[in-house]
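Read the structure below first, then the notes.
Since every read-out is calculated from the coordinates, none of them should be taken as a lab result. The model shown is predicted, which means the values in this text are computed figures rather than measured ones. Ideal geometry is used to build each Cβ from the backbone, glycine not excepted, and the neighbour counts take in all protein chains shown.
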Amino acid sequence: MKKTLVILAMLLSTGCSQRIADFTIMSSKNIDLSRGADFKRSPTRVKGEDKKSIIILFPTGRPDVKQAMDNAIESVPGAVALMDGVATSHIWYIPYIYGEASIEIEGTPLIDPLLLKGYK
């Protein structure tokens, strides 16, 4: 009985992940490009996500690329943009019960050293 329920749950649940786009540089912030030579590249990559639920059949909203990008950029003090960015869409759903849709942005933060002075 337990085995049948597990198999039935696996058959009813669905999920999908799709790469939306790759970016050389991406930002939703105002950047002073005349000072671009002063910007520093972070040694680590960061991720930002915007997630919305699907309850029964009704989504609670649509995931937003800008919000996911803001979440990634704002996770690093002084960051103004992401380099080598990747945008990915994820969704999973158990019919008539619950699911989630999300947009994930991943990239290497580009840091403006002048903005870091306020954090020291």
Filter the stretch 85-99 for residues that are within 19 Å of residue 66 (Cβ to Cβ) and not hydrophobic (A, V, I, L, M, F, W, C); the one that is surrounded by the most Cβ atoms within 10 Å (Cβ to Cβ) is 85
Within the stretch 6-20, is even one residue within 27 Å of residue 113 (Cα to Cα) and surrounded by 10 or more Cβ atoms within 10 Å (Cβ to Cβ)? no
Quick test of your reading of the structure: residue 77 fulfils all but one of (1) part of a strand (DSSP E or B); (2) in contact with a helix residue (DSSP H, G or I) (Cβ under 8 Å, 6 or more places away or on another chain). Name the failing condition by number. (1)
Just to verify a result, which residue in the stretch 31-84, among those that are of a type in the set (Ser, Thr, Tyr) and without any contact (Cβ under 8 Å) to a residue 24 or more places away in the chain, is surrounded by the most Cβ atoms within 10 Å (Cβ to Cβ)? 60
Condition check: more than 12 Å from the chain's Cα centre (by Cα) and either at positive phi or among the hydrophobic types (A, V, I, L, M, F, W, C) (or both). Does residue 84 satisfy that? yes
Taking residue 70 as the residue in question, decide whether it is out of contact with any Leu (no Cβ under 8 Å at 6 or more places or on another chain), in a strand (DSSP E or B) and among the acidic types (Asp, Glu). no
Condition (residue is free of Cβ contacts under 8 Å to residues at least 60 places away in the same chain, more than 13 Å from the chain's Cα centre (by Cα) and within 26 Å of residue 54 (Cβ to Cβ)) applied to the stretch 104-113: is it met by at least one residue? no
Residue check: is residue 63 closer than 28 Å to residue 32 by Cα and outside any strand (DSSP E or B)? no
Within the stretch 37-60, of all residues that are over 22 Å from residue 109 (Cα atoms) and assigned to a loop (DSSP other than H, G, I, E, B), the one nearest to the chain's Cα centre (by Cα) is 60
